[in-house]
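Every read-out reported here was derived from the displayed coordinates using simple, explicitly stated rules and does not represent laboratory data. No experiment lies behind these values; they were computed from the predicted model shown. Neighbour counts are summed over all protein chains in view; Cβ atoms, including those assigned to glycine, are modelled from backbone coordinates with ideal geometry.
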Amino acid sequence: MALNDRLFGVLMLVLAVAYGWGTTQFPEPFGGAEAVGPETFPKLLAVVLALTSLYLIVKPDPDNAWPPGRTWLELVIAVVVLVAYTLLLQPLGFVIATTLAVGTLCWRMGAAPLRAYLTGLVSGVVVFLLFTYALDLPLPWGVLSVLEAD
Amino acid sequence: METLNYLLDGFGVALAPHNLMFALLGAFLGTLIGALPGLGPANGVAILIPLAFTLGLRPETALIMLTAVYAGAMYGGRISSILLNIPGDEPAMMTCLDGYPMAQKGKAAEALAISAVASFMGSLIATIGLILLAPLLARFALTFGAAEYFALFVLAFATLGGITGKNPVKTIMAAAIGLMIATVGIDNTGVQRYTFGVLELYEGVDFIITIVGLFAISELLFFIEARAGGGKSEIVINKLKLSWKEIVAILPTSFRGGVLGFIAGVLPGAGASLGSFISYTLEKKVLGRKGYFGEGDPRGVAAPEAGNNGASSGALVPMLTLGVPGSGTTAVLLALLISLNITPGPLMFTQNADIVWGVIAALLIGNFLLLLLNIPLVGIFVKLLSVPPMYLLPIVTMVAFVGIYSISNSAFDLYFMVAFGVGGYFLRKLEIPLVPIILGLLLGPEMEKNLRHALDIADGDWTVLWNSGLAIGLWSVAILGLILPYLVGPMLRRRMKAGTETRD
């Protein structure tokens, strides 16, 4: 089967059409239209992408195996951890957010939980101290701000 | 003579104490990056760019440090080839052939030392080549008009997949996607394109975020999928016993390898992998029966190592003189240049002479530093091989987060990075190459500017794009770059594969 490439080809074809259509929506540049406007280059790109997508639909490469269901779950967990890390970086502060994020990732990748979260804590503290004191680039303190001197 | 003066000025820049310090740091980090499992050179350099920014380094210092990282990564890649028979990066593949057998015979330390010497020779020859060739090419490139530049960019994309590339159509597709991302934002006539009214998109998509997302985050996901979290057991290497005679014996081989590698690095579409392959194959032919290749011949270690280091320095020639990188890592270095507000290309040699020559001098110095680092400290780098990716990759990801966050303090950028990481995972699964996307993103604005210039001058006449002999030449090479992979690609790939598989 060569479904992946075909599917991707169709997706990209849709993108090419949408992108190409987008060029017609640009406001006219100040000073009137010229021989080459803001739409010229994108139109060219839309054509190139459309042609290559068609090629892929007609002549797809063989599929690579997708991971089994459980691995998908792990991948989704990893992405969720990264999003949560971003979300919690400010409110929880760098050290706690890092301990949780790095710890969870290490754990899910196969480390023993205690060692995993310890790795997270140590790496978080080291990077935090390095950035805040050695490099003078403050990272968020978050809930630990009570510890912040002055 | 002029070149020599510039070079001396360059040494003045590179030998300034803080630049020297950062070169040493870069060389060390580079070898580390090359040696650590799951951190390719492009990936490693990409993660370090935001850090170079946040440190507020001066342009030449930042560039010197990251060039040293680049050179160091090529050294580091060989360690796991020799000890584990697993190439640290693709060009180090050929080093496995004789390096691993040497290690099995209890000569791991010798193989590592020989490869360090050969790497040094290869880089040295190629850097000298760079010093001689780059100013000439830069002067020649000054004659390029807008149409020629447009053709040159097309050439760069067409040859990026390399002669050995699998599917040139996917390369072009990836380039188109990258160029499309580059059109997001306000263009140079002040028109908003594809911003959808999102304020963060007005200035376009930041390529550093894209690069770090595509490389670093997708790498994490790939490791999770491969379930390759466990570390390798620690390796003990023997005590080094290497005589001068043995070193001298590999010098001719290293010389040939370095020259061939340099040529492969400069030419579009060849690259380091092909450089090391050609060097190895040629050496086998030259020595014939006198060698015992594939069974642990030291020259079989020296040839590909000199070749791939020669090629990686050679690859800097088109990047510095034309602003057109030929490999993933040089593309990342180009990203650094652009974000430092230095316009790469022939003018850089006159406008930013101190930076260019400082970097070239730093390459020479970096080579000596790397040789000095690599022979006594190889034990440390060997230990790193056993660092389990399950600890390493989460920490690397965190460093990538910190780097991006410290540039802008914006969560939006981090979400963007994660999104690019997920996208990169799917693209890699579909074997859509990531480097053309990055290159498209980097070259997009210049490419469009040159297209507009050329067409404006010609009043919208498209034939202007292939109106000069030079432009026609560039287009022909571009078309060849797309056709050759179909003609000779399968044969070359088979040979490279056959070459590496005879061992197993």
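Tabulated results
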| read-out | value |
| --- | --- |
| Nearby lysines by direct alpha-carbon distance to B:K107 (threshold 19 angstrom, same-chain neighbours under 8 apart not counted) | B:K239, B:K241, B:K245, B:K383 |
| Neighbour-count order for B:L133, B:L334, fewest beta carbons within 10 angstrom listed first | B:L133, B:L334 |
| Semi-axes of the equivalent ellipsoid for segment A:69-147, Cα gyration tensor, largest first, Å | 25, 14, 10 |
| Reciprocal of mean inverse Cα separation for segment B:345-415 (Kirkwood radius, Å) | 16.2 Å |
| Dipole magnitude of segment A:27-150 about its Cα centre (Cβ charges: Lys, Arg +1; Asp, Glu -1), debye to nearest 20 | 580 debye |
| Relative exposure of B:I479, B:I181, judged by other C-beta atoms within 10 Å (fewest first) | B:I479, B:I181 |
| Length-normalised contact order for chain A - Cα pairs under 8 Å, 6+ apart - percent | 21 percent |
| Net charge over other residues, Cβ less than 13 angstrom from the Cβ of B:F11 (K, R count +1; D, E count -1) | -3 |
| Reachable lysines, given that their alpha-carbon falls under 18 Å from the alpha-carbon of A:K43 and they are not under 8 places away in the same chain | B:K449 |
| Scattering curve values for the protein assembly as shown, log₁₀ I(q)/I(0), Debye with Cα scatterers, q = 0.06, 0.12 Å⁻¹ | -0.32, -1.40 |
| Average Cα contact separation per residue, chain B, under 8 Å, 6 or more apart, as relative contact order % | 30 percent |
| Which of A:I77, B:I360, B:I437 has the fewest Cβ neighbours within 10 Å, and the rest in rising order | A:I77, B:I360, B:I437 |
| Pairwise label distance in nanometres, B:L372 with B:E431, each label 7 Å out on the Cα-Cβ vector | 4.6 nm |
| Chain B, helix-only ellipticity at 222 nm - DSSP H runs n ≥ 4, -39,500 (n - 2.57), divided by all residues, nearest 500 | -24000 deg cm²/dmol |
| Dipole magnitude (debye, nearest 20) for segment B:1-142, charges at Cβ of Lys, Arg, Asp, Glu | 140 debye |
| 222 nm mean residue ellipticity, helices alone, for chain A (DSSP H n ≥ 4; -39,500 (n - 2.57); rounded to 500) | -22000 deg cm²/dmol |
| Estimated inter-spin distance, B:L20 and B:Q192, nm [label 7 Å along Cα→Cβ] | 5.3 nm |
| Neighbourhood charge, 13 Å Cβ-Cβ cut-off, centred on B:V154 and excluding it, Lys, Arg +1 and Asp, Glu -1 | -3 |
| Cα centroid separation - segment B:359-408 against segment B:84-109, whole Å | 20 Å |
